[in-house]
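Peer 1: Can you read through this structure? Questions will come right after.
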Amino acid sequence: MVGVSARRAVAYETDNQLVVEGVSKRFGGVVAVEDVSLEVPRGSIVSIIGPNGAGKTSLLNMISGFYKPDSGRVALEGKDITQKKPSDIAALGIARTFQNIALFSGLTVLDNLMLGRHVRMKAGVLSSVIYWGLAQKEDIAHREAVEEILEFLKLQDLRRQPTAALAYGLRKRVELGRALASQPKVLLLDEPMGGMNQDEKEDMARYVLDVNQERGVTVVLIEHDMGVVMDISDKVVVLDRGRGIAVGTPDEVQRNPKVVEAYLGTAKGGAKA
Amino acid sequence: MFHRESGVFKTTYAADMALYPLPIAKWTVAALAVIFVVIVPLTVHEYYLSILNLIFIAIVGALGLNILVGYTGQISLGHGAFMSVGAYTAANLAVKLDLPFWLTLPAGGLMAAAIGVVVGMPSLRIKGLYLAIATLAGQLIIEWTINRVPAISGGAQASIQVDRPSLFGFSFNTQGTLYFFLLFFAVLAIIGTLNLVRSRIGRAFVAVRDQDIAAEIIGIDIYRYKLMAFAISSFYAGVCGVLYTYYFGIANYEQFQLIVSIDYLAMIIIGGLGSVLGSILGAVFVTLLPIVIRILMENVGSLFFTTAEMANVISGLRLGVFGGLIIFFLIVEPEGLNRLWRNIRSYFRVWPFSY
């Protein structure tokens, strides 16, 4: 049995970088996610959409290891990561941002991004206390990588600013930078454009596309702005009340009657309300 | 304070990440070194040297506690007990095995670190006030154990006499020589902490403090880092306890009761949480406060009180002023002395042309 599933895992490694197979999660009597599957091809942008409470963030939490699914499995490049700790999953190459920005508010932009590289660094307690030598050399090497990301996201002039003092849109961008700093293979973005104005949304969409195309990072995106989702996604997955109800290209999904129903309700449902 | 940052352009990351990024800071450090290594020990009276020595020891302990409370955001009411663990470990090794200080000191620190990790384990599940109570239990259990187990405490008095530290036949047996002994370890602790908090580990501690969920998601094993913070912090406390032991020439559990844990918390709250300079200022402040109050009372208080009343008045006043000051700082400047110093400095940064 183990052998079979292992071989199957190798089989879909060629095209799908991240695979979620029938995961479910319940909190007491509430079903957050029920038997949802997701296939994320390498180098693609996959969007997860759905009404509020559809289970989008719960699904992301299961991928990043923050929730353990009650059933089903999550695999990155054919390797089962379902039961791994969030910190180990980060080290394997999955980074994410949060719906409500979760930056380290007491630290500068630079330190937030350096923390993004935590998993790629090695310095232990002793070499940190001594610092001069190993730890310093490592800090400098990783500082260069971080500066490159600061430049990419046009945050150079803010590097010494504490993140608590930054405007909302900038904080979202810093959070993207922190996720990028870990050199992820797959980037999970939870409403990166939530609460932004049109200009900021366009900037963020541009950055997401650049991250995907120039840096070759696979992106899984939760977003409510349908215009952005339909423009930049290769594939759209629709959730409603914890279940997957549709999957396909943006065009296919938009024409799917089930999706229209989930968003707008049926004639009967409308009459009841 | 009277330096200018303009015109200083860093061209390497190493220069940008230096402890003191401004060239003039080298002169400040050099001046401080001359003052503390040459001028102070030559000019200051032995009594005041003994106060400085107490401050040096307190700095080590305050830095350690600040790593845990200020940087990692965990709380401990058990640091007095961790100090006693270090103190009795060193005292026993020094007396029974006749080991020199350069072995007993790290041994005391390591033993305290081990105990600290055990007492810190509840931090994996609980935070804040609950953790405070759990570590308080640790403090009381350790106090009780040391007091009741003669193998540790050395008999009925629960105290062990030790010889003063010596190196290559030279004994640090006066306040003047102990001054250098303790200064060395205080400086070592300061530099070590400065390095720790600017490095990978220190950043991870702050991440655990600010946003533990996000910390986990970006790859920081928060359980590991919480225990690591307890270990490092207790190591400092253990070393602090060993230094007390050598300074007083005796390890005594009464030296490390709950009130000591609270005193040290007061130091870092008054000095400034999450700040190395704050730990130092807090240690200075809390060590000097009772001494200043006593000197003031001895000179002024004799006008109002008889000598017999004085002792009570002084001890009562100390607690009163102490509590009052903590409340004062929490209201006026929650970020402590360190923040006050930074406000003064930033005022003078562009002085006299502040616009």
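The values are calculated or read from the model by the stated rules, or taken from the named source; none is laboratory data. Small disclaimer: the values here were computed from a predicted structure and weren't measured. Don't worry about glycine lacking a Cβ; one is built from the backbone with ideal geometry, like all the others, and counts go over all protein chains shown. Quick note on the areas: whole protein, heavy atoms, side chains included, nothing else; ligands and nucleic acids left out. Shrake-Rupley method; radii C 1.70, N 1.55, O 1.52, S 1.80 Å.
Peer 1: Leaving out ligands and nucleic acids, and using a 1.4 Å probe, what accessible area per residue does chain A come to in Å²?
Peer 2: Using a 1.4 Å probe on heavy atoms only, each residue of chain A averages 45 Å².
Peer 1: Further, regarding this structure: Going through the cross-link list A:Lys172/B:Lys226; A:Lys79/A:Lys185; A:Lys85/A:Lys172, which pairs have a Cα-Cα distance over 19 Å in this structure?
Peer 2: A:Lys172/B:Lys226; A:Lys85/A:Lys172
Peer 1: On a straight-distance basis, which lysines could pair with A:Lys137 in a cross-link, Cα separation under 25 angstrom, same-chain partners fewer than 8 positions away excluded?
Peer 2: Filter leaves A:Lys122, B:Lys10, B:Lys26.
Peer 1: Report, to the nearest whole %, how much of the accessible area of chain A belongs to carbon and sulfur atoms, 1.4 Å probe, protein only.
Peer 2: Details: 6320 of 12270 Å².
The value for chain A is 52 percent carbon and sulfur by accessible area.
Peer 1: With a/c under 1.5 counting as rounded, go ahead and sort region B:26-257 into rounded, prolate or oblate using the C-alpha gyration tensor (a ≥ b ≥ c being the square roots of the eigenvalues; past the cut-off, prolate if a/b is larger than b/c, else oblate).
Peer 2: Working: a/c = 2.31, a/b = 1.25, b/c = 1.85.
It comes out oblate by the Cα gyration axes.
Peer 1: Something else: Magnitude of the Cβ-charge dipole of region B:207-311, K/R +1 and D/E -1, about the Cα centre, nearest 20 debye? Could the numbers behind the result be given before it?
Peer 2: On the way: 4 positive and 8 negative charges, 29 e Å.
Around 140 debye, computed over region B:207-311.
Peer 1: Round to the nearest 0.05 the FRET efficiency obtained for A:Arg255 and A:Ala164 when R0 = 41 Å and r is the Cβ-Cβ distance.
Peer 2: Values: r = 45 Å, r/R0 = 1.10.
Efficiency computed from Cβ-Cβ geometry: 0.35.
Peer 1: Another question, if that's okay. Does the protein assembly as shown classify as rounded, prolate or oblate by the C-alpha gyration tensor (a ≥ b ≥ c root eigenvalues; a/c under 1.5 gives rounded; else a/b over b/c gives prolate, otherwise oblate)?
Peer 2: The shape class here is prolate.
Peer 1: Within a 10 angstrom radius of each residue's Cβ in A:95-104, how many Cβ atoms of other chains show up on average? Whole number is fine.
Peer 2: The mean count of partner-chain Cβ atoms within 10 Å per residue comes to 4.
Peer 1: Accessible area lost on pairing B with A, both sides, 1.4 Å probe, Å² to nearest 100?
Peer 2: Buried area between the two chains comes out at roughly 3200 Å².
Peer 1: To continue, here is another question. Quote the relative contact order of chain B in percent (integer), defining contacts as alpha-carbon pairs under 8 Å separated by 6+ residues.
Peer 2: 28
Peer 1: Skip the ligands, DNA and RNA, and give the accessible area per residue of region B:26-257 with a 1.4 Å probe, whole Å². Before the final figure, lay out each step's value.
Peer 2: Working: 9570 Å² over 232 residues.
With all protein chains present, region B:26-257 gives 41 Å² per residue.
Peer 1: How about region A:121-179: which trypsin sites (Lys or Arg not before Pro) there lie in a loop by DSSP and see at most 14 other Cβ atoms within 10 Å?
Peer 2: Counting only loop positions with at most 14 other Cβ atoms within 10 Å, the trypsin sites (Lys or Arg not before Pro) in region A:121-179 are A:Lys122, A:Lys154, A:Arg160.
Peer 1: Run down the aspartates and glutamates and flag those whose C-alpha is under 20 Å from the C-alpha of A:Lys68, throwing out any fewer than 8 positions away in its chain.
Peer 2: Cα-Cα hits under 20 Å: A:Glu21, A:Glu34, A:Asp35, A:Glu39, A:Glu77, A:Asp80, A:Asp88, A:Asp190, B:Asp212, B:Glu216, B:Asp221.
Peer 1: What's the average, rounded to a whole number, of partner chain beta-carbon atoms within 10 Å of each residue's beta-carbon in A:123-130?
Peer 2: Per-residue shielding by partner chains comes out at 6.
Peer 1: Take each of the peptides A:241-250, B:41-50, average the number of other beta-carbon atoms within 10 Å over its residues, and list them starting from the highest.
Peer 2: A:241-250, B:41-50
Peer 1: Rounded to a whole number, what % of the accessible area of region B:26-257 do carbon and sulfur atoms account for, probe 1.4 Å?
Peer 2: 69
Peer 1: So what does log10 I(q)/I(0) come out to for region B:155-279 at q = 0.12 Å⁻¹, using the Debye formula with one equal point on every Cα and no solvent?
Peer 2: Scattering profile of region B:155-279, log10 relative to I(0): -0.61.
Peer 1: Rounded, prolate or oblate: which fits region B:19-150 when a ≥ b ≥ c are the square roots of the eigenvalues of the alpha-carbon gyration tensor, with rounded for a/c under 1.5 and prolate only if a/b beats b/c?
Peer 2: Verdict is oblate for region B:19-150.
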